[in-house]
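J.: Structure provided below as structure tokens; questions to follow.
What follows draws every value from the coordinates through simple rules; no lab data is involved. Only a predicted model underlies this, so the values are computations on that prediction, with no experimental measurement involved. Counting neighbours? That spans all protein chains shown, and the Cβs are built from the backbone with ideal geometry, glycine included.
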Amino acid sequence: MEVPILKQGPYLIATVQSALTDADLLELRDGLVERIGQSRSRGVIVDVTALDVLDSFATRTLRDLAHMIRLRGAQTVIVGIQPEVAFAMAQFGLTLEGITTTLDLEEGLAYLDESLKTRRVG
Amino acid sequence: MATTQEKELPKQESQTPPLESTADLLTELISHLQKSRTQLREEWVQRIREAELLTAMTREEIFAEATSVYDSYVEALETGTLEALQAYARNLSERIIPRGVETHEVVGIVLLLRDVLARSLFAKYRTDFRVLHRVLDAYEPAANRIGITVAVGFVQERERVIREQQEAIRELSTPVLQVRERLLILPIIGLIDPQRARQLTEQLLRGIRMNRAKVVVIDITGVAAMDATVANHLVLTVESARLLGATVIVTGLSPEIAQTLVNIGVDLGKMNTVGDLQGGIEEAERLLGYKVYPTRENPVA
């Protein structure tokens, strides 16, 4: 199932609606990295609230996605990881090292606003 | 069991003068037990005291309970239904468990009653071995069923009490408290076993969601030591909280726990630790952008 990517101000928001196959994940990654240039977005939010499992492939793809987007000049925030999913990921050592995660979409937007503001000032 | 008895019956009848049916025997047996009630009950109480069972109860109490148990026992034999006895056993367990009566005592007294009654039957029918045999055939299965019912009732009641207490302890032992908007503290006191560690993680992650917390201070001043499994679990909890977007500050690590964490090779980049709870809360406030200052020059005066 394809993940819709919405443009919201300076950000792109991808909300995952249901379980994704590996191919869907790669498509999401490529789609976002592509769109980031077209829309000149400063930040990307991937909302995984609906997912009740995040396996090693998904985690790696999300990490690659964040790094690629970083290289394209924007920031990535993963939002809405469920508590059980978070603990399972920690158990398997899939901790999304160096990538910002927040509780939900609202927090993610607040984080991006804040970090873009400080960067402009600094 | 019943079918074998029924099959054997005609054979026996052909060889010997007709015997009463099992049901008749049971009726006779019960009327015997009812007639000898006073004497057998006395004997039973005597044997309970000799065996030093139910030491937590007075002689009068034992006698009163023995009377009720005896009557329920005979009634269960008579009616063949165990509900009344079951209810009584549960009720009795409820009353005597808080007084420290042990499983072996309850099983012991039921077995003693069984012995006392069996002996009395033996004495009554000893002249005719064949009848005695059939009486015991009728008596033993029923008596064993009763014994099992009482013992199981007692154990179940005890387990229920234990479960309730465990539940209460679990709820008491893991408070997740909000001290400021978006700041939770989780004071942990006492021993942490893997079960409690899981509970803590669950409560904490749920608390982060519910209170939309950004920072959590876990204070383990009250935990003297933890083994490698639990220490690992703590690290996992810190990482899971980060995935939910919350920063965890751990405070009050004892030298022993510090040693354990170093031994399991914890990545210090992931663990944010501060010496004591006060320091932890101050650090949390700094992260959240709070600044606390006294409203008066000399607050104590």
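J.: Given R₀ = 60 Å, FRET efficiency for residue A:21-residue B:293 by Cβ-Cβ distance, to 0.05?
T.: On the way: r = 55 Å, r/R0 = 0.92.
Here the calculated transfer efficiency is 0.60.
J.: Could you tell me, in Å, what Rg and Dmax come out for the Cα atoms of the protein assembly as shown?
T.: According to the Cα coordinates of the protein assembly as shown, Rg and Dmax are 35.9, 114 Å.
J.: Please give the helix A:105-121 orientation as an angle from the longest Cα principal axis of chain A, in degrees from 0 to 90, rounded to the nearest 10.
T.: Taking Cα atoms only, the helix is inclined about 40 degrees.
J.: State, as an integer percentage, the relative contact order of chain B based on alpha-carbon contacts under 8 Å between residues 6 or more apart.
T.: Numbers: 295 pairs, mean separation 37.9, N = 301.
Taking the mean separation of contacting Cα pairs over the length of chain B, I get 13 percent.
J.: Once Rh is set to the Kirkwood radius over Cα pairs, what Stokes-Einstein translational diffusion coefficient, in µm²/s, holds for chain B at a temperature of 37 °C and a viscosity of 0.692 mPa s? List each step's numbers first, then the result.
T.: Numbers: Rh = 25.1 Å.
Rounded, D is 131 µm²/s.
J.: Is there a simple number for the mean count of other chain Cβ atoms within 10 Å of the Cβ of residues in A:84-94, and what is it? Intermediate values should be presented prior to the final figure.
T.: On the way: counts 3, 3, 12, 12, 2, 4, 11, 5, 1, 2, 2.
For this peptide, the per-residue mean of nearby foreign Cβ atoms is 5.
J.: Along the Cα-to-Cβ line of residue B:56, 7 Å from the Cα, sits a label point; which residues in region B:95-115 have backbone N less than 18 Å from it?
T.: Counting only backbone N, you get B:95-110.
J.: Give the relative contact order (percent, whole number) for region B:109-207; include only Cα pairs under 8 Å separated by 6+ residues.
T.: After rounding, I find 17 percent.
J.: Shifting gears a bit: If R0 is 45 Å, what FRET efficiency do you get for residue B:95 and residue B:258 from their C-beta distance, rounded to 0.05?
T.: Calculated transfer efficiency: 0.35.
J.: Report the Stokes-Einstein translational diffusion coefficient (µm² s⁻¹, integer) for chain A, Rh taken as the Kirkwood radius over Cα pairs, at 20 °C with viscosity 1.002 mPa s.
T.: On the way: Rh = 14.4 Å.
Rounded, D is 149 µm²/s.
J.: With only alpha-carbon atoms counted, please give the Rg and Dmax of region A:10-58, in Å.
T.: Computed over the Cα atoms of region A:10-58, radius of gyration and Dmax are 11.4, 32 Å.
J.: May I ask you to compute the full-extension gain from residue B:144 to residue B:177, defined as 0.36 nm times their residue separation minus their alpha-carbon distance, rounded to one decimal in nm? Don't jump to the answer; show the numbers that get you there.
T.: Values: separation 33, 0.36 × 33 = 11.88 nm, distance 5.37 nm.
Between residue B:144 and residue B:177, full extension yields 6.5 nm more.
J.: In deg cm²/dmol and to the nearest 500, what is the mean residue ellipticity at 222 nm of the protein assembly as shown if only DSSP H runs of at least 4 residues count, each as -39500 (n - 2.57), divided by the residue total? Don't jump to the answer; show the numbers that get you there.
T.: Numbers: 15 runs with 260 residues, N = 423.
Result for the protein assembly as shown: -20500 deg cm²/dmol, rounded to the nearest 500.
J.: If each residue's Cβ is checked for other Cβ atoms within 10 Å, how do B:41, B:130 rank with the fewest at the top? Kindly include the intermediate steps, with their values, before the conclusion.
T.: Values: B:41 18, B:130 11.
In increasing order of surrounding Cβ atoms, one gets B:130, B:41.
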